[in-house]
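I have placed the structure first, in the form of structure tokens, so that the comments after it can refer back to it.
The values are calculated or read from the model by the stated rules, or taken from the named source; none is laboratory data. Just so you know, these numbers come straight off a predicted model, no measurement behind them. Counting neighbours? That spans all protein chains shown, and the Cβs are built from the backbone with ideal geometry, glycine included.
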Amino acid sequence: MSGFFNPAADAAILMSAGGAGAAGTGAHSLAVLWLTEANSNGSLASLYASSTQVRQLLTDGGELFGSGDFSNGYPINAVAGSTWYVAAITKPAGSAHYRCHLWPYASNGSGVFDHGEASNAGNHGDGSAITQIRIGIGDTRGNGSIAVVGIWNAELSDAQINTLRSGNLSAWSALSPAELISLENWDGTNGATAVVGTSAKTGITGTVGVGANPPGFNFALSTTVALAGAMTVGGITGAATLTRKVNMTAAGAVGGITGSGALTRTVGLAGAASVGGITGVAALKRTVHLAGAGIVGGITGHGSFGTEVFAGRRAIGSRSVRRAIVTSSSRRLA
């Protein structure tokens with residue numbers, strides 16, 4: 001669950017800076033996925049060098065502001081209460097204006113980002129290296145729920161910010177943040193986790209409540225490959241006839257799977273015999289190792305066959321063999 005910040009509770013989550021130190025001394029971007037309350041005023045996140053605030057993302061009176069920002073702010077008067085938004089602020093290195101960004105969150109990525117700056121925006125410089133991240137507090141106390149905080153040691157372009165128009169946290173990580181903090185599992189004490197970076201919770205001020213997570217938001221950074229059926233191949237669940245992992249280190253094709261190298265396991269074979277514990281069309285005593293060009297039972301591999309012994313009468317393709325056969329060069333057994 002996300003962290004809920006009530007201004008009456010003077011609440012904040014304190015985190016170490018991790019890899020976000022340079023956000024204080026040069027270009028930076030700060031983005032938050034947050035749920036507004038009826039009054040949307042409040043600091044969403046701020047970055048400190050010791051006790052000095054250097055960076056901030058703040059809403060006040062229907063506008064977005066940065067740290068030390070005495071402009072009239074970037075207007076976001078259309079912000080509705082009890083609505084999830086992605087808000088962000090960006091700035092290049094040196095003396096420059098803040099640029100603000102806002103998108104009403106939708107899990108399907110619909111809608112558009114609003115980008116701009118205050119009509120009377122002034123220049124803002126750089127400060128000292130960041131030593132602390134504060135979530136839910138800054139110049140003012142937070143007001144609402146926060147699910148994600150992203151910090152970049154770079155100025156993200158409008159086009160890059162637009163990619164945050166997504167229901168997936170992986171869209172945030174794809175922009176290579178210095179720190180990406182998820183509050184998906186916040187329980188009132190723990191659960192503020194850097195899923196990218198090395199920041200760690202160092203403390204809490206006041207009482208940080210537990211709020212709902214954004215509807216339909218996927219906090220996973222990777223996506224499971226969906227296959228039909230119920231087999232497991234190399235840890236991926238789906239339909240398949242593979243019963244062992246295929247390791248290839250040179251050019252070769254096995255059962256339609258192209259890869260490289262020596263095969264250390266055989267894929268599913270038709271028939272009633274066993275190869276290295278895998279059911280197939282011959283009573284092989286050991287696994288077939290291929291290191292060069294060759295075909296065994298219709299399976300193409302690269303290289304010479306390692307020494308293999310077939311004891312007794314065994315069916316290999318359409319041939320029957322009555323004695324032990326040793327193969328050590330490229331063969332086609334059909």
Self-check item: From the options ILE137, ILE151, residue that is surrounded by 18 or more Cβ atoms within 10 Å (Cβ to Cβ) and at pLDDT 95 or above
Solution: ILE151
Practice problem: Starting from region 6-19, take each residue that is touching a residue at least 24 places away in the same chain (Cβ under 8 Å) and assigned by TED's automatic domain parsing to the domain that holds TRP186 and list its partners that are crowded, with 17+ Cβ neighbours inside 10 Å and in a helix (DSSP H, G or I), counting only C-beta distances under 9 angstrom and pairs at least six apart or across chains. | Solution: ALA17/ALA23; ALA17/GLY24
Quiz item: Under the condition of being at pLDDT 95 or above and polar (S, T, N, Q), which residue from region 98-122 is surrounded by the fewest Cβ atoms within 10 Å (Cβ to Cβ)?
Solution: ASN108
Exercise. Return yes when ALA80 is of a type in the set (A, V, I, L, M), assigned to a loop (DSSP other than H, G, I, E, B), more than 21 Å from GLY136 (Cα to Cα) and in the same structural domain as ALA12 (by TED's automatic domain parsing) and no when it is not.
Key: no
Quiz item: Can you name the residue in region 1-26 that is at pLDDT below 95 and not small (Gly, Ala, Ser) and, of all such residues, is farthest from ASP158 (Cα to Cα)?
Solution: ASP10
Quiz prompt | Selection status of SER119, under 25 Å from GLY21 (Cα atoms), polar (S, T, N, Q) and in a loop (DSSP other than H, G, I, E, B) | solution = no
Practice problem: Give the residues of region 81-95 that are surrounded by fewer than 18 Cβ atoms within 10 Å (Cβ to Cβ), small (Gly, Ala, Ser) and under 26 Å from GLY24 (Cβ atoms), sorted by residue number. | Solution: ALA93, GLY94, SER95
Practice problem: Give region 127-143 a look and list any residue that's in a loop (DSSP other than H, G, I, E, B) and either touching a Gly at 6+ places or on another chain (Cβ under 6 Å) or within 16 Å of GLY42 (Cβ to Cβ) (or both), or say none. | Solution: GLY127, SER128, ALA129, ILE130, GLY136, GLY138, ASP139, THR140, GLY142, ASN143
Quiz item: Can you find a residue in region 27-35 that is modelled with pLDDT under 95 and of a type in the set (Val, Ile, Thr)?
Solution: no
Practice problem: Can you tell me which residue within region 41-71, out of those that are among the aromatic types (Phe, Trp, Tyr) and assigned to a strand (DSSP E or B), is surrounded by the fewest Cβ atoms within 10 Å (Cβ to Cβ)? | Solution: TYR48
